[in-house]
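Asks: I have a structure I would like to understand better, so I am pasting it below and will then ask my questions one at a time.
What follows draws every value from the coordinates through simple rules; no lab data is involved. Source: prediction; values computed, not measured. Note that we place each Cβ from the backbone using ideal geometry, even for glycine, and neighbour counts take in every protein chain shown.
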Amino acid sequence: MSAYDETETIGLLYDAALGQAAWSDAGKRLVSAVDGATLSFTAQYELQGSVDLIDMQGVTPEQVALYAAHYFGDDLWRNAAIGRRIIDTAVLGTDLVSDLEWRHSRIYTELSRPHTDVFHGVMVAAGMLPQGGGVFSLGIHRPRLARPFDQGDRDRLQGLLPHIRRAVQIRSRLGGESVRSDASAATLDKLSFGIVHLTAPGRFVAANAAAHRILRDKDGLALGPTGVHAASHASDSRLQEAVLRAACTTAGKDGGDAGSYLRLERPSGLRPYTVVVTPLGLGRPVLLPRSPAVLLIVTDPEAEPRIDASALSALFGLTPAEARLVSLLVTGLSLPEVARRQGIGFETARTHLTRARAKTGTASQTDLIRAVLLALAPTSQASR
């Protein structure tokens, strides 16, 4: 999966969690990520609670109803994963249940074989949710005559797992399908990051409270008649070019990319803003004059609170030392500056960075920072 595809999938997961896109759109991207045919995505926010059918792909509404009413409890893959407590790990179906056992199961003979012939699977075996000890399960499947999934498919799903888990947590917290635009706006206003929506030509659409404060200060980033602009000509050229490329991606046009990471200098002499410019989901209706097409995530390294290192550990499996280093890098410090601030040698800092990149599946320090901001921006809580 390319960086572009990964960014689009992550963006749609968070859009769906905040009620700004359909979960079916996110489900289709997840299926496409591993070249699957069908998907089952369910959650129980309490261990003995009702089942939330988040999304089902490649099946009819009648088949979904049959699964929910008669076969959910007989799902061998899900039951094996939860029973063996394989937590937060993507696995192949054969790691849980043999092909022979699956072929002779009730769910396969009565539901799968007559309808979809679900046979090969790759899945997030069990994701524990903090509210009430619940679980979610996500399985992507291919029919019996198709190529089985392999470790590459498993690794791709594993790389998306922190974002899938976080999106389900947001869905749980905001009430699932009952999320309303006012609830989404209230959530965004609690962020410690600035969030700005722009149209394809770069015109301002909306911003959360943190972004409004940054734009009002006019210290390196300001809102003008033609959109959001950086203070210096060179910085603004880079910003507008990044917005244009992101808008092309949203519109499905040539010349787009998966997003950019920028540092914008501030006339006051304070440390530069870090800005992620990212598309707002492939295929959005960008022809409408006020339709948002680009998202800016703006971090002020001078503002409190800093990135929560414990959140990075939970999301990406970083050690405390790795998480502390990444939390400082995201605020705009260079690696030598981070090493000095933490009282460690540069080589030690570089080792922490290398391990953090490996755990987040990123190819560079810039990609790491972009991935962290995209993961944390929808849910980071600012202190009051």
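Asks: Could you work out how much longer the chain between ASP99 and VAL51 gets when fully extended? Use 0.36 nm per residue separation minus the Cα distance between them, nm to one decimal. If you can, show how the numbers build up before the last one.
Replies: On the way: separation 48, 0.36 × 48 = 17.28 nm, distance 2.66 nm.
Working it through step by step, the gained length comes to 14.6 nm.
Asks: Still on this structure, please answer the following. Can you list the residues, at least 5 places off or on another chain, whose amide H is less than 5 Å from the amide H of ALA206, using H built in the peptide plane?
Replies: So ALA206 has HN proximity to HIS197.
Asks: HN-Hα J couplings of the stretch 81-87 from phi, Karplus 6.51/-1.76/1.60, θ = phi - 60°, integer Hz, Gly and Pro as x?
Replies: After applying 6.51 cos²θ - 1.76 cosθ + 1.60, I find 5, 5, x, 8, 6, 7, 9 Hz.
Asks: Search the structure for amide H atoms under 5 Å from the amide H of PHE149, placed 1.01 Å from N in the peptide plane, and list their residues when 5 or more places away or on another chain.
Replies: GLY121
Asks: For every other residue with a beta carbon closer than 12 angstrom to the beta carbon of ARG144, add +1 if it is Lys or Arg and -1 if Asp or Glu, then tell me the sum.
Replies: Working: positive: ARG103, ARG113, ARG142, ARG147; negative: ASP99, ASP117.
Neighbour charge sum, excluding ARG144 itself: +2.
Asks: Here is a follow-up. With no solvent and one point per C-alpha, what does the Debye sum give as log10 I(q)/I(0) for the stretch 1-127 at q = 0.12 Å⁻¹?
Replies: Taken in order of the listed q values, log10 I(q)/I(0) reads -0.48.
Asks: In addition: Taking every Cα atom in the stretch 218-284, find the radius of gyration and the maximum pairwise distance Dmax, and write them in Å.
Replies: Cα-based Rg and Dmax for the stretch 218-284 come out at 12.7, 40 Å.
Asks: With θ set to phi - 60° and the Karplus curve 6.51 cos²θ - 1.76 cosθ + 1.60, what are the ³J(HN,Hα) couplings of the stretch 356-371 in order, to the nearest whole Hz, using x for Gly and Pro?
Replies: So the Karplus estimates, Gly and Pro as x, are 5, 4, 5, 6, 9, x, 10, 8, 8, 5, 4, 5, 4, 4, 4, 5 Hz.
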